[in-house]
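The values are calculated or read from the model by the stated rules, or taken from the named source; none is laboratory data. Note that this is a predicted model, so its numbers are computed, not measured. Neighbour counts are summed over all protein chains in view; Cβ atoms, including those assigned to glycine, are modelled from backbone coordinates with ideal geometry.
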Amino acid sequence: MRFAVLASSLALSILPFPSPVRAADAQTVLEAAQRLDALEPFLARYVGRCADVFERRVCEANVARARKDASGKTFVVRVTDAATLIHPERRGEGYVLLLTPFIDGGGLALTNGAPAKQDAQGRPLISFIPIASPLPTGMMDMEFESPFRTGAIELEIAFRPEKTWKLARRGEGLYEGVAARFVAVRVINSRTGKEIASKVL
């Protein structure tokens, strides 16, 4: 089961909803971060899977070097096909976009913090990140929600990696990933390339 599918079905708690920030603040953070072409290679290098007895020492040294090189740095990655990670809710005169910060990276996950608990089915639990999104003047609800319904959503996420985590799967195997601190998020309409909302955390 891919993490993106799993994350969309999690029973999650909601963090307190803070005041929105200007889009330019998030854009500044994203532009200053080191851009990754793809998430999967980064997670693989950071987590490391040193199972080969003959290569273990070299593998572990490479993993230690990768973690040291990443320490304290801010990275940014673009996540395509991200509609399953975002749920829009109408609130007041605008929307709150509830982001599940559990990003699949080829069998490993990038998460905002480390999931410490699991639900009754053994799936990791992690809190939503709420992102304020005012409804643009003259735009109807149906038009605003259209990219979310049709899957035309991408994300840009700036993060600082902190540590690895593991949780046992029910049956056998592990859920595994990198716990990071998400520092900025941008939600994008992939059809138009325009920003829907953004937030500095």
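For the reader, a short list of remarks on this structure follows.
- Matching residues, segment 93-112, being farther than 19 Å from residue 188 by Cβ, part of a loop (DSSP other than H, G, I, E, B) and at pLDDT 95 or above: 108
- The residues on offer are 84, 100, and the sole one that is in contact with a His (Cβ under 9 Å, 6 or more places away or on another chain) and closer than 30 Å to residue 139 by Cα is 100.
- Looking at 148, 144, just one residue is more than 19 Å from the chain's Cα centre (by Cα), hydrophobic (A, V, I, L, M, F, W, C), surrounded by 15 or more Cβ atoms within 10 Å (Cβ to Cβ) and not in a strand (DSSP E or B), and that residue is 144.
- Residues in segment 49-80 that are assigned to a loop (DSSP other than H, G, I, E, B) and more than 12 Å from the chain's Cα centre (by Cα): 49, 50, 51, 52, 53, 54, 55, 71, 72, 73, 74.
- From the list 58, 76, 53, the one residue that fits, being crowded, with 17+ Cβ neighbours inside 10 Å and of a type outside the set (Phe, Trp, Tyr), is 76.
- If you filter segment 170-189 down to residues that are free of Cβ contacts under 8 Å to residues at least 60 places away in the same chain and assigned to a strand (DSSP E or B), you find that the one that is surrounded by the most Cβ atoms within 10 Å (Cβ to Cβ) is 188.
- The listed residues are 90, 67, 35, and the only one of them that is modelled with pLDDT of 95 or more, surrounded by fewer than 15 Cβ atoms within 10 Å (Cβ to Cβ) and in contact with a helix residue (DSSP H, G or I) (Cβ under 7 Å, 6 or more places away or on another chain) turns out to be 90.
- Qualifying residue in segment 113-127 (condition: surrounded by fewer than 13 Cβ atoms within 10 Å (Cβ to Cβ), modelled with pLDDT of 95 or more and of a type in the set (Gly, Ala, Ser)): no
- Matching entry among 163, 199 (being part of a strand (DSSP E or B), over 12 Å from the mean Cα position of the chain (by Cα), crowded, with 19+ Cβ neighbours inside 10 Å and basic (Lys, Arg)): 199
- Residue selected from segment 160-194 under the condition touching a helix residue (DSSP H, G or I) at 6+ places or on another chain (Cβ under 6 Å) and not hydrophobic (A, V, I, L, M, F, W, C), by the criterion farthest from residue 49 (Cα to Cα): 189
- Yes/no for residue 109 being free of Cβ contacts under 8 Å to residues at least 40 places away in the same chain and within 18 Å of the chain's Cα centre (by Cα): no
- Residue 131 meets each of the listed conditions (1) of a type outside the set (Asp, Glu); (2) assigned to a helix (DSSP H, G or I); (3) touching a Ser or Thr at 6+ places or on another chain (Cβ under 8 Å) apart from (2).
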